[in-house]
Amino acid sequence: MHDHDHAHDHDHAHDHHHDLGHGRTDDPAAAILANRADKDAYFAVSLDSPIPPSERFPFAGLAYFPVDLAYRIEGLELTPYDGDGPHEFVIPTSDDDQRPAVRAGTFRFELGGRELALVAYDLGTGSLFVPFLDATSGVETYGAGRYLDIEPEDDGTCTLDFNAAYHAYCAYSPEYSCPLTPAENRLAVRIEAGERLPAGA
């Protein structure tokens, strides 16, 4: 297995862009755009970029859906997990490995008039890990799903901002090991927010 396991990948991606899901701001759209610019610059020049060196120059930046604050849901509480799966389990990864995980709880929210739910996982990284698949997956977005990193607000509630959804590093290179999205986090709606595949990919 490549030395970039998911613990490194997940923390690495999180550390190099603003935490869009944490902290209410007067202008969240501006924060999202600033985050994207920072991430594009990092991916273009960093030696740790997941973009293969042969594809970095020129690098025009990642592809994103337009910012849409309808996909930002604030004031959510993490409710106890009440599904059929075990509290502690392992998530399969893209390189046929396994990653220990804990089902930390469930986010229940409304989007586009539909009641939806996503399970949050504790991977020991210091934040809640929320991978998801939606009706864009495998067509406009990476087939293995996209990720959100969530940290509680000062009042204990959380924000799900799908504008911050990002692709795992294995979307750019098979050298990375990334958790696959559990079936319980498959949404039967289109999430037209966050990172997407480039046109024609």
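The values are calculated or read from the model by the stated rules, or taken from the named source; none is laboratory data. These numbers were taken from a predicted model, which means no experiment stands behind them. Cβ: placed from backbone, ideal geometry, glycine included. Neighbour counts: every protein chain shown. Ligands, DNA and RNA are excluded from the accessible area calculation, which covers all protein heavy atoms including side chains. Shrake-Rupley method; radii C 1.70, N 1.55, O 1.52, S 1.80 Å.
Observations on the structure shown:
- Complete set of residues in region 168-197 that are open to solvent by 10 Å² or more (accessible area, probe 1.4 Å) and within 20 Å of residue 107 (Cβ to Cβ): 180, 181, 182, 183, 184, 186, 187, 188, 189, 190, 192
- Qualifying residue in region 152-166 (condition: open to solvent by less than 60 Å² (accessible area, probe 1.4 Å), aliphatic (A, V, I, L, M), over 20 Å from residue 64 (Cα atoms) and in a strand (DSSP E or B)): no
- Taking the listed residues 114, 72, the one that is touching a residue at least 40 places away in the same chain (Cβ under 8 Å), under 14 Å from residue 148 (Cα atoms) and basic (Lys, Arg) is 72, with no other qualifying.
- Residue pairs meeting the criteria (Cβ under 6 Å; at least 6 apart or on separate chains; first without any contact (Cβ under 8 Å) to a residue 60 or more places away in the chain, in region 144-160; second β-branched (Val, Ile, Thr) and open to solvent by less than 30 Å² (accessible area, probe 1.4 Å)): 145/181
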